[in-house]
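Visitor: Dumping the structure here so I can ask a few things about it.
Just so it is clear, none of the values below were taken in a lab; they were calculated from the coordinates. Every value quoted in this text rests on a predicted model; they were computed, and no experiment measured them.
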Amino acid sequence: MLVMSVSFVIMAAVEIAVFMNHISSIRIALKEYKPELTDLEQAYIYTHELPKKAVYRILGPHLLGHFGTGERKPNRIIPVKQDRSSKL
């Protein structure tokens, strides 16, 4: 349970930090009293990139965990040979 809790805290902290980085240009444009047109254009363009960045943010760690550990082969069940000499 401790490992899951620590993992959750790290995951949440990294997720929040990356998300705040993704919306930084939008926040800059909206916090100014009279933002310049270039700031608004950059925020508008960046707004359209947010869905793609969200998918990368979510799928990135999942794919890294899946492909980063190497290919795992499924466990094969070895059939046991039955002794046919004994009959019931």
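Visitor: Quick one: what are the phi-derived ³J(HN,Hα) couplings along region 8-25, Karplus 6.51/-1.76/1.60 with θ = phi - 60°, whole Hz, x for glycine and proline?
Guide: Calculated HN-Hα couplings, in order: 5, 4, 5, 4, 5, 5, 5, 4, 5, 5, 5, 5, 5, 5, 5, 9, 5, 5 Hz.
Visitor: Continuing with this model, one more query. Note down the Stokes-Einstein diffusion coefficient of region 20-65 in µm²/s, whole number, using a Kirkwood radius over alpha carbon pairs, 10 °C, and 1.306 mPa s.
Guide: Working: Rh = 11.6 Å.
For the chosen part, D equals 136 µm²/s.
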